[in-house]
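Visitor: Pasting a structure below so you can have a look.
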Amino acid sequence: MNLFQKYIQEIREQIDLKNNQQAIKRLIDFTLDTEKLSFYKNTNRFLNWYDANESSPEVSVKLTVLLDELAAELFQKELKEHQILVKMLNLEKKYSSEFTLGPINLEIKSGEIVGLVGENGNGKTTLLRSICGELQPTKGELYFLFPHSDGYDLRSKLIYIPQRTQTWRGSMYENLEFTASSYGYSPEENNEIIDLVITRMGLRKYKNYSWSRLSSGYKMRFELARMLLRKPKILLIDEPLANLDIIAQQSILEDFRNIANSPFRPIAVILSSQQLYEVEKTSDLVVFLKNGVQKNLNISDTDHLLTIEFETDENAIILQEKLKQIRLLSLEKNGNTFVAEFGEGVSVNNFLGFILQENINIMYFRNITHSTRKFFIK
């Protein structure tokens, strides 16, 4: 089963489970993949009907028909293989102060999400701005391995969304109309594709809102809608989760995953964030930056010693003595949160079994063996 067939199966499951909003988002992705006006119009007709008939028993039937029509069209298209888009070799950016980013050695592929994590002031934004061309590297090589005719064409395929986006005037819809007309859509396509994109990004009810009426989260969604209209090769986005609640964070990360890993139009997404666990669940590669120095999270490394973060009201000294029975190597404490590293051969099941056996009260635990959380505490 290829990726496209897997997605079709997932959408059918969403329809069966009545998860209509999730199914509609993926069907819009497929509609955009066709790159045909007739399919744009067909899906928009359904969306207009759905606005007034959301609770109708016909919804599942219409969604299935739409899926079948899109699948029949897309089965004829060639799936795009993931390719290396950017390569960095010993890339450095030195400021007049003491700070230097790098050396950075990194390959970025289409269809993948790269997460940049680290505390503030450690180089995440500098790296993003270096890749998109806003900053010129001091040393090293930066190669863009996708077709581009000149510097302007290159920059048009590198979309950088900063944490604080610029104010715009007029309505959100008018701004998207301007973007679509500037990036090669015909007058007939313009509004059809905008209607699809704003629905895909959850903006349909807010299309006539001005900048001042949108929350920070919806301003970010507007930027992503505008990005989709520009058809980038690489999306670089700085702290997209900063002003979102946990549900919105998970939703936007799922959007990133689906947009990046399109079977027909894959792009690369590089995002910086301090929401460590959410980013790690979504990213294919996580790059940790500490004082500008790079560390990659790679589960193929030989260091597989079990590391557990947990909270307990147990006395630290007593806890340390108990855990030595299952080969505890180190125990660090911050408030009621402990980080324990164990010797070779100790598994999560060993840890949990011992906790139950010793009747140790645990309020929270997380296996951070393959998490950049380990880098933060070392």
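Visitor: Out of S181, S130, I need the residue that is surrounded by 18 or more Cβ atoms within 10 Å (Cβ to Cβ), among the small types (G, A, S) and either in contact with a Lys or Arg (Cβ under 9 Å, 6 or more places away or on another chain) or outside any loop (DSSP other than H, G, I, E, B) (or both). Which one? Even if it seems obvious, please write down each step before you answer.
Guide: Details: S181 fails: surrounded by 18 or more Cβ atoms within 10 Å (Cβ to Cβ).
Going through S181, S130 in turn, the sole match is S130.
Visitor: Then there's this: Return the residues of the range 84-102 that are closer than 21 Å to N296 by Cβ, touching a strand residue (DSSP E or B) at 6+ places or on another chain (Cβ under 7 Å) and open to solvent by 30 Å² or more (accessible area, probe 1.4 Å); say none if nothing qualifies.
Guide: Result: I84, K87, L89, N90, E92, K93, T100.
Here's the yes/no breakdown for (1) under 30 Å from I8 (Cβ atoms); (2) hydroxyl-bearing (S, T, Y); (3) modelled with pLDDT under 90; (4) in a helix (DSSP H, G or I):
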site	(1), (2), (3), (4)
M220	yes, no, yes, yes
L228	yes, no, yes, yes
F256	yes, no, yes, yes
S262	yes, yes, yes, no
K281	yes, no, yes, yes
V287	no, no, yes, no
N296	no, no, yes, no
S300	no, yes, yes, no
L305	no, no, yes, no
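Visitor: Name the single residue that is farthest from the chain's Cα centre (by Cα) among those in the range 103-122 being surrounded by 24 or more Cβ atoms within 10 Å (Cβ to Cβ) and not aliphatic (A, V, I, L, M).
Guide: G118
Visitor: Still on this model: Tell me the residue from V293, V286 that is of a type outside the set (S, T, Y) and open to solvent by less than 70 Å² (accessible area, probe 1.4 Å), please. It would help to see each step written out before you state the result.
Guide: On the way: V293 fails: open to solvent by less than 70 Å² (accessible area, probe 1.4 Å).
Going through V293, V286 in turn, the sole match is V286.
Visitor: Conditions: (1) closer than 30 Å to Q294 by Cα; (2) touching a residue at least 40 places away in the same chain (Cβ under 8 Å); (3) in contact with a helix residue (DSSP H, G or I) (Cβ under 8 Å, 6 or more places away or on another chain). H148 meets all but one. Number of the miss?
Guide: (2)
Visitor: Counting only residues that are open to solvent by less than 80 Å² (accessible area, probe 1.4 Å) and free of Cβ contacts under 8 Å to residues at least 12 places away in the same chain, which one in the range 1-43 is nearest to F75 (Cα to Cα)?
Guide: Q5
Visitor: Checking the conditions here, which among L244, L235 is in a loop (DSSP other than H, G, I, E, B), buried (at least 19 other Cβ atoms within 10 Å of the Cβ) and either within 22 Å of the chain's Cα centre (by Cα) or modelled with pLDDT under 85 (or both)? Give the derivation first.
Guide: Numbers: L235 fails: in a loop (DSSP other than H, G, I, E, B).
The match here is L244.
Visitor: Do we find a residue being of a type in the set (A, V, I, L, M) and modelled with pLDDT of 90 or more anywhere in the range 202-213?
Guide: Yes, the range 202-213 contains at least one residue that is of a type in the set (A, V, I, L, M) and modelled with pLDDT of 90 or more.
Visitor: Another question about this same structure. Give the residues of the range 158-178 that are of a type in the set (A, V, I, L, M) and in a helix (DSSP H, G or I), sorted by residue number.
Guide: M172, L176
Visitor: A further question follows. Without any contact (Cβ under 8 Å) to a residue 24 or more places away in the chain and either among the aliphatic types (A, V, I, L, M) or in a helix (DSSP H, G or I) (or both), is that true of I252?
Guide: Taking the combined requirement at face value, the residue does not satisfy it.
Visitor: Looking only at the range 184-203, count every residue that is touching a residue at least 24 places away in the same chain (Cβ under 8 Å), of a type outside the set (D, E) and not in a loop (DSSP other than H, G, I, E, B) and tell me the total.
Guide: Of the residues in that region, 7 qualify.
Visitor: On to the next question. Looking at I159, is it surrounded by 17 or more Cβ atoms within 10 Å (Cβ to Cβ) and within 26 Å of D51 (Cα to Cα)?
Guide: no
The values are calculated or read from the model by the stated rules, or taken from the named source; none is laboratory data. Predicted model only: the values in this text are computed from it and were never measured. Ideal geometry is used to build each Cβ from the backbone, glycine not excepted, and the neighbour counts take in all protein chains shown. Ligands, DNA and RNA are excluded from the accessible area calculation, which covers all protein heavy atoms including side chains. Shrake-Rupley method; radii C 1.70, N 1.55, O 1.52, S 1.80 Å.
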